[in-house]
Amino acid sequence: MSDTSRQGDWTKPAAMAIPEGSFFKDEVKQGRYGPIFPKTPACYGFSIIAKIIPGREPVFYEYAKNIEKAVAGQPDVLAVLKLHYLRWNLFEIKGETYFQYMGIFDTDFDKYVEDAVGLFAASGLVTVFENLEGFPNDWKTNAPAFIKFVRDHHRPSFLEYGEYPFVSADEIKKALQLKAAFSNMLDQMQ
Amino acid sequence: MIEYEDIQHILLTRVPALTGRYEFLSFRNAASGRAWLSAILEKAQSAAEVRASVEQDKRWVTVAFTWNGLHALGVDERSLATFPEEFRQGMVARAEILGDTGQNHPDNWVGGLASPDLHAIAILFARDAAERNRCQIEHANLVAQCEGVKVLSALDLEATPPFDYAHDHFGYRDRLSQPVIEGTGEVPTPGTGAPLKPGEFVLGYPDENGPPANLPQPEILSRNGSYMAYRRLEEHVAKFRDFLREHGKTPEEQELIAAKLMGRWRSGAPLTLAPDKDDPALGADPQRNNDFNYKQMDPHGYAVPLGSHMRRMNPRDTAHNMNRRRMIRRGATYGPHLPEGAAEDGAERGIAAFVICASLIRQFEFAQNVWVNDRSFHELGNERDPIIGNQDGTLEFKIPKRPIRKKITGLPAFTTVRGGAYFFLPGIKALRYLATLDDTSIETG
Ligand code: HEM
């Protein structure tokens, strides 16, 4: 099935059940670093879950403030990732702290992954990963090792929903710009 | 300091060849492969040698190996395992990633290139046909002496007329934009961008990300080496010309369509600098013909469509991390020229090119996977590279234009992949190292 065949009509909310094993058989596309997880009405995304090195919690809260500042200082710092949303959580299971990093974006992660690693290295976006158990020390120079960690810790979803399915962040921004331009035009015509 | 005397010339220099020949080889055993290599490595010139004597030389030789070829020569398993995964797998196994499906699938490749028996390539560039014939006979004699070395296939290269400038069978002037390496002393022509760290193309040097890391072992084998993605791309010239006629009423309109597909007029003049009318003098002038960018000069693609070949293959200031995605292009055309106005003659003609880079996965495979074949690159939707993308007749090409863009649907495939392979291009010392490997254990095979 082609990329576009499922991408019907943005006015029609859609849900998609994803088979056990996280791929649709016979449709699995090979990316440079392994099979590509399917695109859903909620676009592409990942949910990385990993145990943190005990006692490192404060680093995560400090990091959150840094990212807030970095994005405020340079709003397009993450543009290359083609993001909609990112969420970070810390939670506890049996006295141990886990970290969850969820992203929703418009391109499969495989495509721009070296750009992402480069950006992470430069921006400090994932330096917090260094506080996760098993994270490769040489990740800045070893993109394949970084990617392996991400793939190994990614928990693919089995169901995704989109209120405006398959619409990209760029399309949304274009629509909002158009709306702004229109209201501006209407103002001018008063 | 770049070690010119240890780097095979193809990586750093372009030679004045009008013809040449590639021979694809298989080694039945390690000893015969090494005997062949010992003899031919004397002829493989380094960048330093070619720089010194290119004016007198009449022929230039390069040798390179597939991963299976390194194995066949007797490189041990530990060392073989240190090569990057994509090279170990080889181009055939990466077909889906590269867009080599349908007509382009390795099942349809010629010359034994899809076979695991492909071990090595000997590249000959020659000044003229007489020299090529001489070298061809000499090489045939060498192979005859190395029992166990087999020539799987060969491809003769021919420049296409007129011979006073490099261009392909479609008629586009080529070799205009090429990255420059820091420390070579070469001065980038305007628009080429700052020189790049040598490690982007040569193993063992710092790259744009920092000091060298994760190099294949032992060091003597990888230092001053590189990787080459070989592509034999057939060009369907009659189909291309029919397409231009179908979409352009006048010769001028046809030229404009050709220019929009590429991003440059066939003369080489970039559409950014000559948007409405060809300017052959501009196309031929290296001080001006690459001097442009996109973000400021042409953000919406009114001059150079976002989907055109040149803009995809180097989006310049409209992509992130461009310095980590550059490639060195070498190679030549093959097959007979199809004169303007002549009907399709059934002969195969095209480009037999090498894309040289330090990381196949980050540079060449990224280009093929994203820039060439991602249907939604630049938010284009349902488009691939109009020259080398995998085209099955269902895709589009959009030409931004005020007030309304022109959309061509059902774009045909102007090219077909007829073969390809990943080669490791060893340095000169590494060639000697390979020729003198000692392997009493493998001899038995
Ligand atoms: C039949 C096949 C091909 C044809 C006819 C073709 C033709 C051309 C031409 C005419 C140019 C413009 C001249 C220049 O800027 O130097 C160009 C640029 C380029 N091509 Fe191709 N090409 C082909 C295949 C490929 C392949 C397989 C690759 C790599 C995967 C590639 C990568 C590039 C790059 C990197 C540029 C330079 C863009 C720039 O820096 O602005 N081409 N090609």
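Cross-link candidates for residue B:401: which lysines have Cα within less than 16 Å, leaving aside residues fewer than 8 places away along the same chain?
B:260, B:277
So what are the protein assembly as shown's ellipsoid semi-axes, whole angstrom, largest first, if each one is the square root of 5 times an eigenvalue of the alpha-carbon gyration tensor?
The answer is 42, 34, 23 Å, longest axis first.
Return, for the Cα atoms of region A:3-189, the radius of gyration and Dmax in Å, separated by a comma.
Rg, Dmax (Cα atoms, Å): 18.6, 64.
Go ahead and run the numbers for FRET between residue A:61 and residue A:148, Cβ-Cβ distance against an R0 of 30 Å, rounding to 0.05.
Between residue A:61 and residue A:148 the formula returns 0.60.
Probe radius 1.4 Å, ligands and nucleic acids left out: can you give me the accessible area buried at the B-A interface, summed over both chains, in Å² to the nearest hundred?
By this definition, chains B and A bury close to 1700 Å².
For chain B, modelled as a Gaussian network with Cα springs under 10 Å, which listed residue fluctuates most, B:218, B:162, B:386?
In the Gaussian network model the winner is B:162.
Spin-label point model (7 Å from Cα, Cβ direction): what's the residue B:164 to residue B:38 distance in nm?
With each label placed 7 Å out from Cα toward Cβ, I get 5.0 nm.
Taking a 1.4 Å probe, which of B:250, B:160, B:436 shows the most accessible area, and what order do the others take after it?
Values: B:250 50, B:160 5, B:436 105 Å².
The ranking, largest first, comes out as B:436, B:250, B:160.
Give the residue from B:216, B:421, B:389 lying farthest towards the positive end of the charge dipole for chain B; charges sit on Cβ (+1 for Lys and Arg, -1 for Asp and Glu) and the dipole is referred to the Cα centre.
B:389
Any idea what diffusion coefficient region B:341-426 gets from Stokes-Einstein, in µm²/s, Kirkwood Rh on alpha carbon pairs, 25 °C, 0.890 mPa s?
On the way: Rh = 15.3 Å.
Rounded, D is 161 µm²/s.
Which residue, chosen from B:106, B:87, B:121, occupies the Cα position most advanced towards the positive end of the dipole of region B:38-124, where the dipole is computed from +1 (Lys, Arg) and -1 (Asp, Glu) charges on Cβ about the Cα centre?
The residue sitting farthest along the positive end of the dipole is B:121.
Report the gain in length on full extension from residue B:253 to residue B:402: 0.36 nm times residue separation, minus Cα-Cα distance, nm rounded to one decimal.
52.0 nm
Consider just the alpha-carbon atoms of region B:270-357 and return their Rg together with their Dmax, both in angstrom.
Final numbers for Rg and Dmax: 16.3, 44 Å.
Rounded to the nearest 10 Å², what accessible area does residue B:374 show when all protein chains are kept and the probe is 1.4 Å?
Solvent-accessible area, nearest 10 Å²: 10 Å².
As an exercise, use a Förster radius of 45 Å and the Cβ-Cβ distance of residue A:163 and residue A:187 to find the FRET efficiency, rounded to the nearest 0.05.
For residue A:163 and residue A:187, the calculated efficiency is 0.90.
Picking from A:190, B:145, A:112, whose Cα lies most toward the positive end of the charge dipole for the protein assembly as shown (charges on Cβ: Lys, Arg +1; Asp, Glu -1)?
A:190
Which of the residue pairs A:179/B:398; A:82/A:173; A:51/A:111; A:39/A:111; B:295/B:407 have a Cα-Cα distance greater than 18 Å in the structure shown?
In this structure, A:179/B:398; A:51/A:111; B:295/B:407 exceed 18 Å between Cα atoms.
Treating the beta-carbon of each Lys and Arg as +1 and of each Asp and Glu as -1, no other charges, what is the dipole magnitude of region A:3-189 about its Cα centre, to the nearest 20 debye?
20
Using θ = phi - 60° and the Karplus curve 6.51 cos²θ - 1.76 cosθ + 1.60, what whole-Hz ³J(HN,Hα) does each residue of region B:306-315 get, with Gly and Pro shown as x?
Result, rounded to whole Hz: 4, x, 5, 4, 5, 6, 5, 6, 7, x.
Please build a GNM for chain B, connecting alpha carbons under 10 Å apart, and tell me which residue among B:295, B:429, B:197 fluctuates the most.
Between B:295, B:429, B:197, it is B:295 that shows the largest mean-square fluctuation.
Can you work out the Karplus-derived ³J(HN,Hα) for every residue in region B:248-265? Use 6.51 cos²θ - 1.76 cosθ + 1.60 with θ = phi - 60°, whole Hz, and x for glycine or proline.
x, 6, 10, x, 5, 5, 5, 4, 5, 4, 4, 5, 5, 4, 9, x, 10, 5
From the alpha carbon gyration tensor of region B:221-260, can you work out the equivalent ellipsoid semi-axes (sqrt of 5 times each eigenvalue) and give them in Å, largest to smallest? All intermediate terms of the calculation are to be shown ahead of the outcome.
Numbers: eigenvalues 304, 30, 5 Å².
Calculated on Cα positions only, the semi-axes equal 39, 12, 5 Å.
So if I take the centroid of the Cα atoms in region B:164-198 and the same for region B:1-70, what is the distance between those two points in Å?
First find each Cα centre; the distance between them is then 22 Å.
If you split all Cα-Cα distances of region B:283-441 into 10 Å bins from zero, what percentages do you get per bin, shortest first?
In whole percents, the pair-distance histogram is 8, 28, 33, 20, 7, 3, 1, 0.
If you rank B:252, B:49, A:20 by how much accessible surface each has, with a 1.4 Å probe, what is the order from largest down? Please list the in-between numbers first.
Working: B:252 130, B:49 90, A:20 185 Å².
Accessible-area ranking of B:252, B:49, A:20, largest first: A:20, B:252, B:49.
How big is chain B along each principal axis, measuring the range of its Cα positions in Å and listing the largest first?
Principal extents (Cα only, largest first): 73, 49, 43 Å.
Pick from A:172, A:93, A:49: which residue has the top mean-square fluctuation in a GNM of chain A where Cα pairs under 10 Å get a spring?
A:93
Label 7 Å along Cα→Cβ of residue A:92; region A:39-71 residues with amide nitrogen under 13 Å?
What the label zone holds, given the 13 Å backbone N cut-off, is A:55, A:57.
Quote the charge dipole size of region A:57-137 about the Cα centre in Debye, to the nearest 20; the model charges only the Cβ of Lys and Arg (+1) and of Asp and Glu (-1).
200
May I ask you to derive the FRET efficiency for residue A:69 and residue B:89 from their Cβ-Cβ distance with R0 = 51 Å, giving the value to the nearest 0.05?
The pair residue A:69/residue B:89 has a calculated efficiency of 0.75.
Taking a spot 7 Å from the Cα of residue B:379 along the direction of its beta carbon, which residues of region A:78-104 have an amide N less than 11 Å from it?
Backbone N within reach: none found.
Around residue B:8, with a cut-off of 12 angstrom between Cβ atoms, what is the net charge of the other residues, counting Lys and Arg +1 and Asp and Glu -1? Before the final figure, lay out each step's value.
Details: positive: B:43, B:330, B:429; negative: B:3, B:5, B:6, B:49.
Residues near residue B:8 contribute -1 overall.
Report the label-to-label distance for residue B:432 and residue A:24 in nanometres (one decimal), using points 7 Å from each Cα along the Cα→Cβ vector.
5.8
For a paramagnetic label modelled at 7 Å from the Cα of residue A:51 toward its Cβ, which residues of region A:111-149 fall within the zone defined by backbone nitrogen distances under 13 Å?
Within reach of a label on residue A:51, which here means backbone N under 13 Å from a point 7 Å along Cα→Cβ, region A:111-149 contributes A:132-135.
With axes computed from alpha carbons, what is the tilt in degrees of helix B:129-145 against the longest principal axis of chain B, rounded to the nearest 10 within 0 to 90?
Once rounded, the angle reads 40 degrees.
With θ set to phi - 60° and the Karplus curve 6.51 cos²θ - 1.76 cosθ + 1.60, what are the ³J(HN,Hα) couplings of region A:163-173 in order, to the nearest whole Hz, using x for Gly and Pro?
Going residue by residue, I get 6, 10, x, 6, 7, 7, 4, 4, 5, 4, 5 Hz, with x marking Gly and Pro.
Using alpha carbons only, how many angstrom separate the centre of region B:314-369 from the centre of region B:379-436?
The two parts, judged by their Cα centres, are 7 Å apart.
Could you work out [θ]222 nm for chain B from helices alone, using -39500 (n - 2.57) per DSSP H run of at least four and dividing by all its residues? Round to the nearest 500 deg cm²/dmol.
Result for chain B, helices only: -6500 deg cm²/dmol.
The values are calculated or read from the model by the stated rules, or taken from the named source; none is laboratory data. Just so you know, these numbers come straight off a predicted model, no measurement behind them. We place every Cβ from the backbone using ideal geometry, glycine too, and count neighbours over all the protein chains shown. Heads up: the accessible areas ignore ligands, DNA and RNA and are worked out on the full protein's heavy atoms, side chains in. Shrake-Rupley method; radii C 1.70, N 1.55, O 1.52, S 1.80 Å.
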